[in-house]
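Working notes for the structure below.
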Amino acid sequence: MTTVVQSYIGGRWLGAEGAQVLRSAVNGRPVAATHAEAIDFERAVSHARRVGLPALMKLDFQQRAERLKALAKYLNEHKEQLYAISAHTGATRTDGWIDIEGGTATLFAYAGIGSNELPAGNLVHEGPAMALGKRGGFSGTHILVPRGGVAVHINAFNFPVWGLLEKLAPSFLAGMPCIGKPATATSYLTEAAVRLIVQSGILPEGSLQLVSGGTGDLLDRLEGPDVVTFTGSADTAAKLRVHPNLVRQSIPFNAEADSLNCAILAPDVTPDDEEFDLFVKEIAREMTVKAGQKCTAIRRAIVPRQHLDAVAARLRERLAKVSVGDPATEGVRMGPLASRAQQDDVASRVALLLEHAELVYGERDHPAPQGEGVAEGAFFAPTLLLSRRPLEQAAVHDVEAFGPVCSLMPCEDLDEALALAARGRGSLVATLVTRDPRIAAQAIPVAAAWHGRLLILDREAAVESTGHGSPLPSLKHGGPGRAGGGEELGGLRAVKHYLQRAAVQGSPTMLSAVIGEHVRGAKLRESDIHPFRRWFQDLQIGDSLLTHRRTVGEADIVAFGGITGDYFYMHFDELAARESPFGKRIAHGYFVLSAAAGLFVSPAPGPVLANYGLDTLRFIKPVGIGDTIQARLTCKRKIDRNKKDAKGVGQGVVAWDVEVTNQLGELVASYDILTLVAKRE
C-alpha cells in the first residue's frame, strides 16, 4: 500500500502529494492520505471509450468470463495482502472474509454465469422468435448487445473490495469499461485491490480505472450509452439521481441505498421454540458483523408484544458476550466503525432515536474496547433500543444509525407487524421467523411489495442459511422506495442491466443470420452428410436433416407401456379413450420422443459425444395408432465454451431444433436437444 492513495487514470497511477489524512479506525493513527492532484476526468472517460471499450469488444462473453475466473483466482492467491490492510478499517477476520473473499466469490459466480448462460460472440438472443405473419415469412424477436458505453460505479465505505468487484463482474462481462469510485474513508483498501488487478495483467487496459477522491465533473462527461450505479445513503442517491446531465441524456442510474431493514418474529413462535433463539441470534449477528455497517443490517426488530421482554432479555445476554476491540486482539468479535466521523454520525442518530425510545443495552452496559491504543479508535458499543409505540413514533422508521444499532418494537398481530415493516418505506431485505408455512404464505406476498429480498427463517433453513444480511450473486440485491429502487446481482439480470435490448423484425432467414441461431422458417442447408457426422467447427447454423418416416402401430404402444410401466388409460383403454377429447387411443408422448430419436440418430461413433438434456419440450398434437411421424433435425445454436475433456479433446455445445410432424404435415412435438460435440483436431 502507498502512503498516498492514488488514482488509476488513463493507464497510469496518479498522486504524489498528500491531502486528507486517513486514519486507522482501530487506534486513530495515520494510515494513508488522499492525493491532492486533480483528476482529468476527460482523460479518464476518453481512455475508457478509446482504449477500454475496443479491447473488451475484441473478447466475447465466453472469453470475458474466463478473465473473471482468472482474476478471482489471482486475487485469492494474494488475499492476505488485502486482509492486512483491511484490519485498518476495523474489520475482523470474519468481516474481511465477507468483503474480500465475498468479492472474489462474486467474480467466480459471474464467470460461471458467463460460461454457462451466455453465448460465444457479443449478442444475446432473448427469444423466443415469434411469427408475425400468417405465411411464415415475417418474424420478430429481441436481442441484447453491449451498450458501447462506460460504467461509473460509486461505492460506500463499508465494503471496499466487494463493493468494487460485485459491480465490476457483471459490467465487465457485458463488455463495459468501468470507472470505480470508492468512499474516501476506506479507499486505501480499494486501491490495494485495484493495484493487484492491474498487476495481474488479466483485464485489458482501460477496462478498469480508479477514482480516489471526488468525482468532479465526471458525471457531466457521460453520454447516453453510459451507466451510473451507486451504493450509499438514500440522501446521496436522491441527489445523484437528478444530476442534470444524467436526466438530460437519459443515462440509466441504479441505486442501492441504506434502508431500515426489519426482522419479524411471527406470533406462532414462543420462547421455548428453536426459532425464537434463531431470531435473537440473527439480530445480534446483524448488529455486530462489520460493526453493523451493512446496508442490509437489521435496524428494526418487530416482536409480538407478549414476547417483548423475553426477546430483550436474551438479546442483552447475547450482546454482553460480544467482545469489542482491536480485531488483532485474540477473542475480539467486533471491531470499530470505519472512522471517527462515522462514530459521531451514529452517536447523533442514536440521540435522535432516544428522544422517542428507551435504551435497552448500550455503552453503559458493555465492557470497554480491548487492545492497546484503542482510546483513539472509532468504537461504538452494540446498542439496543425499544420503541414502545411504533405506530405513533416516526423516528424509528425514518432515522437510520449506520452502526451496531437496532430498535425493538412490539406488535399486536401479524397484520400489524407487516404494517410496521412497511413504515420503513422500502428496504433491501426483511426476515420472517416462523414455524408455520401458512403464516409464511400469508405474510410474504404482502411484505414483498416493500422489500427487495425476503428470508423465511426456521430450523430447517437455518442449517444452511447464509443469513439475513448476505446478498448472493444469484439473487437480486436492491429494494424499492428508500432502498433506492434499483437492482444489482440476481445472476444474469445484472449483466442484462449493462446490455441494450432491441426488437428485431424480418424474415426468418435474416433473423437467423443476425442472432446466429436457427429460426423456424429460415432457409436450411441439407446435404448427404448427416449433421451428427460433422465436427463442431464444421457445423453451421441451419444444417438440417429430414428423416425417413415411421408408422405407429398398436404393438409400439403395448411394447412401450411394458418397458416403462406406463399403462395410462389413454394408451390402453379403448372405451375410455373414445370418450376423451381425443376420441381414440394415442401413443405415449415419450414414445413419440423416443421414436423421433430413432429416426434422426447416427448410431456409429462420431463427433457427437453426449446428449445432456432437452429444452422447450412440447407435445402439440396427439399421435394415434396408424399415424405416420417424421422428424426434422436442425443445428440451432452453437456455444464454444473453450473446454477440453480428460483426453484433451476440445468440445462445444450444440442445440438442435427438433420438429416431429405427422402424415398431414402437422407439428406433433417440438423441442431442443443439447449435445456435446467434439472439435476436429
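Things to note:
- Set of lysines near K584 by C-alpha distance (under 28 Å), chain-local residues within fewer than 8 positions excluded: K621
- Between A610 and V514, the simple spin-label model (points 7 angstrom out along Cα→Cβ) gives 3.6 nm.
- Along principal axes, Cα extents of region 1-136, largest first, whole Å: 76, 39, 24
- Interatomic Cα distance distribution for region 261-472, bins of 10 angstrom, percent: 9, 37, 37, 15, 3, 0
- Cα-based Rg and Dmax for region 589-681, where Dmax is the largest Cα-Cα distance (Å): 15.1, 48
- Here the 3J(HN,Hα) profile of region 653-670, calculated from phi with Karplus coefficients 6.51, -1.76 and 1.60 at θ = phi - 60°, is 9, 10, 9, 10, 7, 10, 10, 10, 10, 9, 5, 8, x, 7, 6, 10, 8, 9 Hz, Gly and Pro shown as x.
- Its Cα centre serving as origin, region 184-272 has a Cβ charge dipole (Lys and Arg +1, Asp and Glu -1) of approximately 320 debye.
- Each Cα pair of region 193-297 feeds into the Kirkwood radius, which the Stokes-Einstein equation turns, at 4 °C and 1.567 mPa s, into a diffusion coefficient of 72 µm²/s.
- S407 long-range amide H proximity, modeled H, under 5 Å: R300, A301, L385
- Computed FRET value (nearest 0.05) for L575 with T551, which takes r as the C-beta separation and R₀ as 22 Å: 0.35
- When the Cα positions of G562, V658, V405 are compared along the charge dipole of the chain, V658 comes out farthest toward the positive end, with charges on each C-beta of Lys, Arg, Asp and Glu.
- As an equivalent ellipsoid, region 335-453 spans semi-axes of 31, 16, 14 angstrom, where each value is the square root of five times an eigenvalue of the C-alpha gyration tensor, largest first.
- Over the chain, DSSP H runs of length four or greater, each weighted -39,500 (n - 2.57), average out per residue to a 222 nm ellipticity of -9500 deg cm²/dmol.
- Three semi-axes describe the equivalent ellipsoid of region 524-678; taken as square roots of 5 times the Cα gyration tensor eigenvalues and ordered largest first, they are 34, 16, 13 Å.
- If you plug the beta carbon distance of A38 and Y590 into 1/(1 + (r/R0)^6) with R0 = 60 Å, you get a FRET efficiency near 0.30.
- One chain, two ends: A441 and T94. Fully extended at 0.36 nm per residue, the span grows by 121.5 nm beyond their Cα-Cα distance.
- Stokes-Einstein diffusion coefficient of the chain, Kirkwood radius over Cα pairs, 10 °C, 1.306 mPa s, in µm²/s: 56 µm²/s
- Gyration tensor (alpha-carbon) shape descriptor, region 58-137, a/c threshold 1.5: prolate
- Average silhouette area of region 46-258, convex hull of alpha-carbon atoms, in square nanometres: 13.5 nm²
- Computed from Cα positions, the angle between helix 93-117 and the longest principal axis of the chain comes to roughly 20 degrees.
- Volume per residue of the convex hull around the Cα atoms, evaluated for region 471-614, comes out as 267 Å³.
- Placing unit charges on the Cβ atoms only, positive for Lys and Arg and negative for Asp and Glu, gives region 261-472 a dipole magnitude near 360 debye about its Cα centre.
- In this structure, the pairs whose alpha-carbon distance is over 29 Å, taken from K167/K679; K69/K679; K69/K181, are K167/K679.
- Label-point separation in nm, R221 to H530, each point 7 Å along Cα→Cβ: 6.1 nm
- Global geometry of region 249-361, whether rounded, prolate or oblate, following the gyration tensor of its Cα atoms and the 1.5 cut on a/c: oblate
- Rounded if a/c under 1.5, otherwise prolate or oblate - region 493-546, Cα gyration tensor axes: oblate
- Residues S348 and D273, FRET efficiency given R0 of 60 Å [Cβ-Cβ distance, rounded to 0.05]: 0.95
- Between 0 and 90°, nearest 10: helix 308-320 axis offset from the chain longest Cα axis: 80 degrees
- Candidate lysines for bridging to K321, where Cα separation is under 18 Å - those fewer than 8 sequence places away on the same chain excluded: K281, K290
Each reported figure results from applying straightforward, stated rules to the coordinates on display, with no laboratory input. Everything quoted here is computed from the prediction, not taken from an experiment. Methodologically, a virtual Cβ is constructed for each residue, glycine included, from the backbone with ideal geometry; neighbour enumeration extends over all protein chains shown.
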